[in-house]
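Only one structure is covered here, and it is reproduced in the block below.
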Ligand code: UDP
Ligand code: MG
């Protein structure tokens with residue numbers, strides 16, 4: 001007689017956590033309920049909590065959960081390395097044939113997982129991604145800059161970013177392995193994912209408020225992150241710098257011609273210390289600006305070349 005029971009599908013839940021001691025137990029309870037509902041479909045779960053150098057009791061919560069529940073695995077960073085590093089570490093540690101990444105704060109509702117799982121397990125899609133259709137409950141200024149960022153990225157970047165795409169996604173093993181093949185240290189998922197391709201099904205949902213605690217992203221952290229993203233996926237700022245230089249050079253030649261003609265034909269020396277100073281200031285400003293752009297790319301290249309690890313683990317289970 002043939003054995004009709006297929007081995008269960010392992011679903012890894014990768015959860016980056018930075019100071020999430022308040023939200024983690026709530027998340028764990030919700031996720032357990034979802035995993036239970038999936039049992040009938042031959043899906044078993046594992047948790048991969050990544051503590052991103054939290055300053056509160058997040059590690060203690062992970063340890064406690066790990067002692068009680070064999071499905072819980074975790075790793076704890078030696079310091080805060082950022083969410084991208086935490087996601088990378090989690091994906092590397094996950095063993096599932098399907099892997100989901102989601103936040104600890106309930107803003108990525110685990111209740112959506114069964115539907116996302118359907119899309120990936122059907123074999124039709126390699127990734128189930130999520131998009132926020134509203135930014136309700138977010139400071140207005142932040143939404144404004146987020147929209148600006150997507151617009152600028154749309155003009156500059158060589159990959160198409162999806163507006164409002166979250167880090168909440170469920171992926172096939174092949175998709176995860178493709179992500180892990182990209183060796184760069186400075187990681188920008190919003191660009192990496194469209195770059196690797198595959199078939200992605202999008203799920204839309206409304207913004208949900210955090211279950212507890214507060215957002216870890218300050219305005220400046222987000223601003224720096226978006227600059228990193230632009231530089232990681234576009235060399236156009238460099239081209240823009242040379243275009244500015246070229247245009248100014250042409251303007252300068254025209255001005256020289258005008259001044260020379262006025263002097264030779266009309267004998268009219270151009271007075272104007274102030275205008276000269278303005279021009280010098282303007283040009284050196286542009287020069288410093290474009291050198292700055294160059295420098296930014298150089299420093300990115302420098303950090304990549306040093307080949308430092310993207311994160312360091314202090315403790316794991
Ligand atoms: N996070 C992290 N490292 C950081 C910042 C955030 O691992 O340096 C985690 C955080 O614990 C949460 C997720 O990334 O699970 C999203 O962070 P948050 O909810 O603060 O961001 P928001 O939802 O406000 O964009
Ligand atoms: Mg959040």
*In the range 202-211, which residues are surrounded by 15 or more Cβ atoms within 10 Å (Cβ to Cβ) and either on the phi > 0 side of the Ramachandran plot or not in a loop (DSSP other than H, G, I, E, B) (or both)?*
202, 203, 205
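A quick yes/no check of all residues on (1) surrounded by fewer than 16 Cβ atoms within 10 Å (Cβ to Cβ); (2) within 22 Å of the chain's Cα centre (by Cα); (3) closer than 17 Å to residue 216 by Cβ:
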residue	(1), (2), (3)
17	no, yes, yes
31	no, no, no
35	no, no, no
46	no, no, no
52	no, yes, yes
55	yes, no, yes
*asked:* Could you check the range 23-41 and list, in sequence order, the residues that are in contact with a helix residue (DSSP H, G or I) (Cβ under 9 Å, 6 or more places away or on another chain) and within 16 Å of ligand 1 (Cβ to nearest atom)?
replied: 24, 25, 27, 28, 30, 31
*Return yes when residue 199 is surrounded by fewer than 17 Cβ atoms within 10 Å (Cβ to Cβ), within 16 Å of ligand 2 (Cβ to nearest atom) and in contact (Cβ under 8 Å) with a residue 12 or more places away in the chain and no when it is not.*
no
*If the Cβ limit is 6 Å and pairs must be 6+ apart or interchain, which residue in the range 13-33 that is over 22 Å from residue 89 (Cα atoms) and in a helix (DSSP H, G or I) pairs with which residue that is at pLDDT below 90 and within 13 Å of ligand 2 (Cβ to nearest atom)?*
26/211
_Filtered residue count, the range 282-308, keeping only those that are free of Cβ contacts under 8 Å to residues at least 24 places away in the same chain and within 30 Å of residue 49 (Cβ to Cβ)_ = 1
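Test residue 193 against the stated conditions and say whether it is at pLDDT 85 or above, part of a helix (DSSP H, G or I) and in contact with a strand residue (DSSP E or B) (Cβ under 9 Å, 6 or more places away or on another chain).
Values: at pLDDT 85 or above: yes; part of a helix (DSSP H, G or I): yes; in contact with a strand residue (DSSP E or B) (Cβ under 9 Å, 6 or more places away or on another chain): yes.
Against the criterion (at pLDDT 85 or above, part of a helix (DSSP H, G or I) and in contact with a strand residue (DSSP E or B) (Cβ under 9 Å, 6 or more places away or on another chain)), residue 193 qualifies.
Here's the yes/no breakdown for (1) within 16 Å of ligand 1 (Cβ to nearest atom); (2) within 24 Å of residue 109 (Cα to Cα):
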{"position": "182", "(1), (2)": "no, no"}
{"position": "194", "(1), (2)": "no, yes"}
{"position": "207", "(1), (2)": "yes, yes"}
{"position": "211", "(1), (2)": "yes, yes"}
{"position": "229", "(1), (2)": "yes, no"}
{"position": "237", "(1), (2)": "no, no"}
{"position": "242", "(1), (2)": "no, no"}
{"position": "245", "(1), (2)": "no, no"}
*Any helices (runs of 4 or more DSSP H) falling wholly within the range 69-182 and containing at least 2 residues that are more than 16 Å from ligand 2 (Cβ to nearest atom) and under 22 Å from residue 317 (Cβ atoms)*: 83-93, 173-181
*Got a sec? Which of 164, 123 is loosely packed, with under 12 Cβ neighbours inside 10 Å and at pLDDT below 95?*
123
*Taking the range 19-55, which residues are more than 26 Å from residue 97 (Cα to Cα) and within 16 Å of ligand 2 (Cβ to nearest atom)?*
19, 20, 21, 22, 23, 54
_Hits in the range 287-316 (condition: in a loop (DSSP other than H, G, I, E, B) and exposed (fewer than 14 other Cβ atoms within 10 Å of the Cβ))_ = 307, 308, 309, 312
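The values are calculated or read from the model by the stated rules, or taken from the named source; none is laboratory data. Quick caveat: nothing in here was measured; it's all calculated off a predicted structure. When we count neighbours, we look across all protein chains shown, and the Cβ atoms used for this are built from the backbone with ideal geometry, even at glycine.
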